[in-house]
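No value in this document is a laboratory result; all are computed from the given coordinates. These numbers come from a predicted model, not from an experiment. Virtual Cβ from ideal backbone geometry, glycine too; neighbours counted across all protein chains shown.
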């Protein structure tokens, strides 16, 4: 339950944790709703956190009247693919019905594929002995943290695409029961890259597929990524993180040959790929069997087919362990308690 004078920053953690919030007036009347996706769509526009929550909420929210019975809320959850629906009486909030209460309304049973087959060349000599995803960050390895996060999001079956030092993963992780999942190992005869390994899945999944690089450290709740992907109905959803670049020169802003202004050393803000994706199982038909293929190539083929691809902004902490300096930075944050 949110107050109308709250800012986006005030409610960010609450909405990210629960996926949904209801903005209430002084008398308990429902003024609007705001979900995790609304906050992230605002982030794509680089919205400031001090904006009022009213700027991102739905002012005409989906609501079910208590007199219509529980099936009305269930119908709205199914039809509009939302996480929750407020139930009202005389415009005042009575309860909130959630997707978890309607078993047949969700996106289908998801699986996850974690890419752990790379050699981690930039982290040598560490990776000469241990594959990069098995390097320890605090009490557990990088890949164990990812798998535990996937389990928390309700994913029961996780497939590991292995190549370099493949047996190390089996020896360390076993069947995945200690991490709360069933682990399956897909062995690449040759490196197939980020999309090609998906052709090794033994059967076509019934629900969405989460694909993630195995060398990421993040506190993203993958359930939010699944919700966003399901609600927008795309073929692929690409997780992105905001990257800031300082241009060290004065940028000429012009129309044709007419100079309008000189923007001195501006900061450029872009969303770049975070190495995490959600996709529909039908997308797998674009991947040739056991053929090296990158995720950008797969996405280009899907877009060329006219299928929608969406961007999911990652607002949580995210680290790509790509260099010794980045690895040391993450280790330092854990050692000093800056990261749980």
message: I want to verify a result. In a Gaussian network model of the chain, Cα cutoff 10 Å, which of these has the top mean-square fluctuation: 281, 131, 202?
response: 202
- line: Row for the stretch 8-105, column shape: gyration tensor on C-alpha, a ≥ b ≥ c, rounded if a/c < 1.5 i.e. under 1.5, prolate if a/b over b/c, else oblate; value oblate
field: Within the stretch 193-220: backbone nitrogen closer than 11 Å to the residue 297 label point (7 Å, Cα to C-beta)
entry: 193-197
statement: Counting only DSSP beta bridges with both partners in the chain, the antiparallel fraction in percent, to the nearest 5, comes to 65
message: Below 8 Å, C-alpha to C-alpha, sequence gap of six or more: please give me the relative contact order for the stretch 8-105 in percent.
response: 24
message: Relative contact order of the chain, please, whole-number percent, based on alpha carbon pairs below 8 angstrom and at least 6 residues apart.
response: 16
query: How much mean residue ellipticity at 222 nm does the chain get from its helices, if each DSSP H run of length 4 or more adds -39500 (n - 2.57) and you divide by all residues, to the nearest 500 deg cm²/dmol?
result: -7500 deg cm²/dmol
field: Simple label model, 7 Å out from Cα along Cβ direction - residue 254 to residue 55, nm
entry: 3.4
message: If the elastic network links every pair of Cα atoms under 10 Å, which of 221, 167, 27 fluctuates the most in the Gaussian network model of the chain?
response: 27
- request: Using R₀ = 25 Å, calculate the FRET efficiency as 1/(1 + (r/R₀)^6) where r is the Cβ-Cβ separation of residue 45 and residue 1; round to 0.05.
  value: 0.45
- request: Would you mind telling me which residue in 311, 96, 158 has the biggest mean-square fluctuation in a Gaussian network model of the chain, where springs connect alpha carbons within a distance under 10 angstrom?
  value: 96
